[in-house]
Every structure is written in C-alpha cells, then in structure tokens.
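First up is the structure itself, then whatever we jot down about it.
The values are calculated or read from the model by the stated rules, or taken from the named source; none is laboratory data. Values in this document were obtained by computation on a predicted structure and should not be read as measured data. Methodologically, a virtual Cβ is constructed for each residue, glycine included, from the backbone with ideal geometry; neighbour enumeration extends over all protein chains shown. SASA here: full protein model, heavy atoms, side chains in, ligands and nucleic acids out. Shrake-Rupley method; radii C 1.70, N 1.55, O 1.52, S 1.80 Å.
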Amino acid sequence: MKQAISINVNGVDYPGEVEPRMLLVHYLRDVLGLTGTHVGCETSICGACTILIDGQAVKSCTMFAVQADGSNVTTIEGLAANGNLHPVQEGFWECHGLQCGYCTPGMIMTSTQIIDRNPDPSREEIRHGLEGNLCRCTGYQHIVEAVEYAAKKASA
Amino acid sequence: MIPAQFDYARANTLDEALNLLAQNEDAKILAGGHSLIPAMKLRLMQPPLLIDIGRIKDLSYIDEADGQIRIGAMTTHYQIESSDLLKRMCPLLPECASHIGDMQVRNKGTIGGSLAHSDPAADWPAAALALNAELVAVSKDGERTIKADDFFVDLLTTALNPGEILREIRINKNGSSQAYVKMPHPASGFAIVGVAANLIMNGSNECTSARIGITGVAAKAYRATGVENAMAGSQLNEAAIATAAKHVSDNTDINGDLFASADYRRHLAAVYTRRAIQTAASRV
Ligand SMILES: Cc1cc2nc3c(=O)[nH]c(=O)nc-3n(C[C@H](O)[C@H](O)[C@H](O)COP(=O)(O)OP(=O)(O)OC[C@H]3O[C@@H](n4cnc5c(N)ncnc54)[C@H](O)[C@@H]3O)c2cc1C
Ligand code: FES
Ligand code: FES
C-alpha cells in the first residue's frame, strides 16, 4: 500500500506517495528527477549514492524513502550556493579529484561530512573517512588532496 | 535489487512498537536497516510488515547510572565512536565502533540492531561478551535482563523472544584495561577475526581476571574461556600471553570460507588474541 510522505530536498518540500519498498535513491532519481545522486553497486558498498540526511552522510540505496519522511536531505545538486561551488566541489575541480566522475557525487557528499566533523583532517583521517566510497579511476590520491584543499579553503 | 512488497509502520513510542509487534508475529523491527535492508534486497528476508523504531527518541542515549553505563538500543555506531563519556569510561566501545563498516554505515547502523541480528562476523557481540554486558529486553509482558553470555544462541539467533525488543545495553564500570583488534575482510569490512579483550590487572603487572570475546571465527561470537583461564593469575609478559592465546579455538567449530580456511582462521585468531591482550595490557 502506498504511503504519503514529505521530504525536504535541498530546501524544497516534496510531498509524494510511495510504495514502502522504494529505496530513497530511486525516489530521488526517478521520482524527483535529481539524477546527481548515482547508483553504483546497489549493495551498500560503493558509496556513489551517498547523500546527507539531517546532516548525516548515508547511503541512499540502503534506506527506504518512507524512512526519510519529515527529514531534510541534501544531495549534490544542493551544495553550491548562489552559483558558487562548495569548497569540496572546488577542491575536486582544482586538484583533479575525478576522472570519469561516476563516484564523484558520493565522494563529495562524504567529504563534506569529513571536514564538517574535523576541520583539519590528516591524510590518514581523510582516507578513513572515505572507506565507504569506491573509485575505479583516480587511485584516490587526488581525491585525498581535494579534501585537504577543501578543508583549508573552508576554514580560511 | 528491489525488496518484496511489505507494509511499513513508524512507531513513535516504544509502547506503540510493542503493540504492533504483538499483533503481527511475522513483522520485523527496522532499526538502522543496515543488515535488514541488504537482506531484504536479496529477498533472503521478506517480512510482511516493518515496524520502524528509528524515530523513537528515548531509545538513543549514552548515560551513566548506578555504577553502570547505559546505552539505548537505537544509539548509532557513530554516536558511540564519538562519545567522550565512553572514551573515558569504556574505551573498548568507541574503539570497536570505529572498526565497523565505514562512516556512512556507522551513521545509520545501531548497536541494538547489530546485537539483535547476531551476525557471526559482527563486531559488537565480541565487545558485549568481553564487557559482561547486560541486555534489557522489553515486551508487552514486561522487562527482563539477559546476560551477554546467554544472549547469542546460534547463527543469526539470539535469546530474544518473539514480541521482544532490545531496549538497552548496560555495562558495569570496573576500571579494566581494554582493547579491540580486528582483521577486516578486505571487501565487506566484516571481521575475519575480531577480538575484544577486557583485563583486570593488579599493580604488579599481573592479570587478575580476563574476559575475551571472539567474533568472525565461529557460527556466533563466543568467549575464549581457555584463554581467560590461562590468563587469570598470570604475569602479563609476552611468552605467557602467547601461550594463553593459543587456547582461543579450544572446543570451537571454526568457520572456513573462500577467503579464509578454517586452519588459517585458527591461526589468525591466536595472533589477534595475542595482540588484543598485549594492547589492553599496555593501556593500564
Ligand atoms: C556496507 C556494510 C558494512 C558493514 N560492516 C560491518 C562491520 O564491519 N562490522 C559489523 O559489526 N557490522 C557491519 N555492518 C552491519 C551494520 O553494523 C548494521 O548496522 C548492524 O549489523 C545492524 O544494525 P541496524 O541498526 O542497521 O539494524 P537493522 O538492519 O535495522 O536490523 C537488524 C536485525 O535486528 C532486528 N532488530 C533491530 N533492532 C532491534 C531491537 N532494538 N530489538 C529487537 N530486534 C531488533 C531487526 O528486526 C533485524 O532483524 C555493515 C553493514 C553494511 C551495509
Ligand atoms: S549504490 Fe549505494 S552504496 Fe553503491
Ligand atoms: S572518477 Fe571514475 S569512479 Fe571515481
């Protein structure tokens, strides 16, 4: 049986009706058309689907949309403010933190949580924070540098 | 990866959840969903009704009362990992939490969900055994306390009865020396071997008593009583610890799988037990 939900995504309230089994990532992409959040593995491993829900980085393929009823969700589309890239987005741009870009939305959302909790993370702490995000292209080094850049920029 | 159909009910209070559970015997509790949802996607589980306890506020806390640490079942791995109170009073818990999955998993998964699930490679069961935790279960008929020693019954099976919800985890404060060490599976992050060591020491580098919880090795987490007996009253030197650690798989049926054969796991279990005890002993 479908259930009524209302989720605030990137500052906009979206009322809707969903089957309880609909995963949050499918709701964001297929119903709301916010395709910036990617689906990689669908098995909670790759982190491509990472979003923030009430400020917490979560894999949206491992959550039902009904669980998010009444919550505030931030996706990659909601990071840039007034046309200015978020420091983490800028870091990925400046430090060449992506190649194909498939993992990037998830990497960026997770990275915002890392520097939010720890404004001056060491490389080791950045790598520990990114353990739930897989990248098949970059070899991670440039991603780590992008997060370092973002941390400096955000606290400047 | 779409689960079978189910109905969903969000409980706003514990009583509401208990009532729903009493009326629907095949229903499943949904906590963080990080064991249940993957299993439902694979259709290994097809519950007709999920009762979401994720929004019950008074199930998520870390407190101190009557000489005990009390942790609500819905407390997330991250809340435990980052708790200053626990870092001071029971460092095994934050250390154990930091080894679970990844940051996103720790943000959502709960200690209660992990204990109730009793995955043979989960980290919390080893910690609960080593810390002699008491688990508080509630049902419509009232509340009871289950010792961690009696809680893990078999593979994915606990002493919780139908209709019961795990409400709280209690740990006695006792000034012990603690450590959790783990060899994670390189892909899944779950424990190939995880060892929780909890030592009571006296002033002269002697171990008065030890509790050692092991996960990843057998069908369920267990206490390595052979190691505990060998450690009790023993000096904490390298040779004594290494000899004691060899008893880790006494009378235990060891798992073997594609990644680690039973022999390899037995070897790892002794190595990680030695490291856990040495690390704990170095933290007086
Ligand atoms: C990618 C990934 C990596 C992971 N790595 C690890 C790891 O390294 N180590 C580790 O230990 N775990 C790991 N996990 C599992 C994770 O820790 C889960 O969060 C945990 O096992 C279950 O907690 P939950 O809150 O998500 O419970 P849920 O998935 O919601 O529930 C699990 C089961 O317990 C029942 N249940 C839940 N709460 C209660 C309650 N209060 N009372 C009664 N029954 C209840 C449910 O009905 C269900 O059957 C991993 C998970 C993922 C997705
Ligand atoms: S798609 Fe969610 S973790 Fe890979
Ligand atoms: S840039 Fe291609 S997967 Fe990361």
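Before moving on, here are some points about what is shown:
- Amide H contacts of residue B:147: B:135, each under 5 Å away and 5 or more positions distant or on a separate chain (H built 1.01 Å from N in the peptide plane; Pro and chain starts excluded).
- When the C-alpha to C-alpha distance is required to be over 29 Å, the pairs from B:28/B:87; B:28/B:246; A:152/B:41; B:41/B:246; B:147/B:182; B:87/B:182 that qualify are B:28/B:87; B:28/B:246; A:152/B:41; B:41/B:246.
- Relative to the dominant Cα principal axis of chain A, helix A:141-155 is inclined by about 90°.
- GNM on chain B, alpha-carbon springs under 10 angstrom: the most fluctuating residue among B:142, B:175, B:163 is B:142.
- For the stretch B:1-97: relative contact order, % (alpha-carbon pairs under 8 angstrom, 6 or more apart): 27 percent
- Percent RCO, i.e. relative contact order, over the stretch B:7-52, from Cα pairs under 8 Å lying at least 6 residues apart: 59 percent
- The stretch B:197-284: chymotrypsin sites (Phe, Trp or Tyr not before Pro) falling in loop per DSSP and having at most 13 other Cβ within 10 Å: B:259
- Cα gyration tensor shape for chain B, rounded if a/c is under 1.5, else prolate or oblate: prolate
- To put it simply, the accessible area of the stretch A:3-78 at a 1.4 Å probe is 47 percent carbon and sulfur.
- Summed buried accessible surface, chains A and B, 1.4 Å probe, nearest 100 Å²: 2600 Å²
- Of the trypsin sites (Lys or Arg not before Pro) found in the stretch A:1-43, the ones in coil according to DSSP and having at most 11 other Cβ atoms within 10 Å of their Cβ are A:2.
- Within the stretch B:1-79, trypsin sites (Lys or Arg not before Pro) in DSSP loop having at most 13 other beta-carbon neighbours inside 10 Å: B:43
- Net charge dipole, chain B: roughly 600 debye, given to the nearest 20, about the Cα centre with Cβ charges of +1 for Lys and Arg and -1 for Asp and Glu.
- Given charges at beta-carbon only (K, R positive; D, E negative), |dipole| of the stretch B:111-169 in Debye: 120 debye
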